[in-house]
1. Of the residues that sit in the stretch 411-420 and are open to solvent by less than 40 Å² (accessible area, probe 1.4 Å) and part of a helix (DSSP H, G or I), which one is modelled with the highest pLDDT?
2. Quick one: which strands (runs of 3 or more DSSP E) sit completely within the stretch 3-102 and have at least 1 residues that are surrounded by fewer than 14 Cβ atoms within 10 Å (Cβ to Cβ)?
3. With the checklist (1) under 30 Å from residue 53 (Cα atoms); (2) modelled with pLDDT under 80 in hand, flag the one item residue 163 doesn't pass.
4. Condition first: open to solvent by 30 Å² or more (accessible area, probe 1.4 Å) and assigned to a loop (DSSP other than H, G, I, E, B). Now tell me which residues in the stretch 357-368 satisfy that.
5. Quick one: what pairs do we get from the stretch 417-435, first residue more than 17 Å from residue 496 (Cα to Cα), second modelled with pLDDT of 80 or more and outside any helix (DSSP H, G or I), C-beta under 6 Å, 6+ apart or different chains?
6. For residue 423, all conditions in the list (1) modelled with pLDDT under 90; (2) surrounded by 18 or more Cβ atoms within 10 Å (Cβ to Cβ); (3) not in a loop (DSSP other than H, G, I, E, B) hold save one; what is the number of the exception?
7. All but one of (1) exposed (fewer than 11 other Cβ atoms within 10 Å of the Cβ); (2) at pLDDT 80 or above; (3) not in a helix (DSSP H, G or I) hold for residue 447; which doesn't?
8. I need a count of the residues in the stretch 374-410 that are open to solvent by 60 Å² or more (accessible area, probe 1.4 Å), part of a helix (DSSP H, G or I) and of a type in the set (Val, Ile, Thr).
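The values are calculated or read from the model by the stated rules, or taken from the named source; none is laboratory data. If you're wondering where the values come from, they're calculated on a predicted model, not measured in any experiment. Cβ sites come from the backbone with ideal geometry, for glycine too, and all protein chains shown count toward neighbours. The protein model used for the area step is the full one, side chains on, heavy atoms only, and it has no ligands, DNA or RNA in it. Shrake-Rupley method; radii C 1.70, N 1.55, O 1.52, S 1.80 Å.
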Amino acid sequence: MEACIKNFGEIFILSEKRFEVPFFQRKYVWGEDNWKRCLEDIRIIAEEGTPHFMGSLIFKTESDIDRIIDGQQRLTTLCILYYALCKKRNQPERLAKCFELPLGEYKITHNYIDSRIFNWIIYTDCEPGKEPPSLSLENNLIYQCLDYFMAELENDPQLQPEILEQKLYFVSINLASQDDEQAIFETLNSLGVALTVAELLKNDLFRKESPEFFSKTWGHTFESRYIEGFWGEEISIGKRERVTKIDMFLRAYYDIVTVNATSEYKKFQSLFKNYQQHIDQYVDDKHEFIRDLTETAELYRKLFNPELVVNGIRNLTPLQRLCFLSLAFQRTQLVPYILYVRKNADPVEADKIAKLLETYIMRRLICDLTPIRYNLQFKSLISQKVLTYDALLANLSENKEDTSRMPTRKEVWNSLVSGTRKMTMNKLGKVLLFLIERHLRQNSKSDRTIPAYNDCELEYLMPKNITQWVDQQDLQNAAPEYLKKVHFKLGNISLT
């Protein structure tokens, strides 16, 4: 490893090297707060004339290319700022020196996700406000970064490209061939904008793979233009923790593939390290592992489709109904076993299993029994290879503790009618009434529209403050606690 201090101009303008952001690195994620701070730093440098330290840039030379191991976010931002300054000052020769080699080759190329937008801005005469063919600029942070700098520089005619060239300094670190770039990458990226489990795993899996294999597997499944929004959406996995869907899926997949292995994670934050351990110890064919992971992810995306709660779908399969319950109640503990059954069980058995699990989950919710053991319980079903209705029924029948048993019909009836369970707690009443309503409409002869779950709201039929609606004598004869209990029962609520 060699390190030296260099300014922006020495690294990128005077050099005739080619620089590359590895295609598997995460996309550009900096936003307006970062751009504003960057521009403020440049303005201070311009006023004071003093050098400014911008941290480290880590490179690893392979053939004639310097691969950028760390510093991608800063580098991308500064490149866009330098481009905006040169365009505003009408200095195309500076752009050519910074971004092009003598034979017209691109000096700086970006990763798989951002290369098209970066190339369109830097290497073509892009027109602000005009969208290029086959490339959407909607919500694209690199283009928004350009837009921000172009607008800000309108009111800042004193800033010049020379400031970036001469006053911005970095510690330029060049790794030797024997240096572990992955370990350095992970350590450095524990700072700043934290990398997700998915970003770390992608970097680890594909750092020595071809762009073509990445594009056919991970890129196609997780990062194509029309799918990326699904995987980036955040969901709750507890009272205080939220993660993206891709990280949620990776936890579920880990539960499936490591069920007979010794590796376990204690916290969600350690999941990536456990993936590394599992791959090192148990995976002989990494390509096959990647293919199975992405194929399972496709199943996850189809099964846990947001349309189950945002659209009124008339005919749901038993598995879809179970997935609906998982989405509605945020029961993410069910996900690994549902995926396992969908992948491995006979379709007829899979439907029967889904119906039994729906009964199990709903009965326990109605009886207000804790889901605290669901993670271990459903992982145990995978380890025991429970893939038939009879095997699942036998397994559930063995459980006698409140943490895992199947409530009886009598218990369910008592909870609904005379128990203390509030049907308005934890979305229970809404789900019950919704399922009843869609069953009635689905089985009616008319073409009545099936409502969407997310469009439904609960409404009380009897107001909470009942004193002004009930005869005072009747009120005195009724136990106050009974009235409070009745208020939260299923018969006192309706869907609107």
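1. Filtering first and then ranking leaves 412.
2. Because the criterion is at least 1 residues that are surrounded by fewer than 14 Cβ atoms within 10 Å (Cβ to Cβ), the strands (runs of 3 or more DSSP E) in the stretch 3-102 that meet it are 52-62.
3. It fails just one condition, (2).
4. 368
5. Here the result reads 421/368, each pair linking the stretch 417-435 to a residue that is modelled with pLDDT of 80 or more and outside any helix (DSSP H, G or I).
6. (3)
7. Unmet condition: (2).
8. Residues meeting the conditions: 0.
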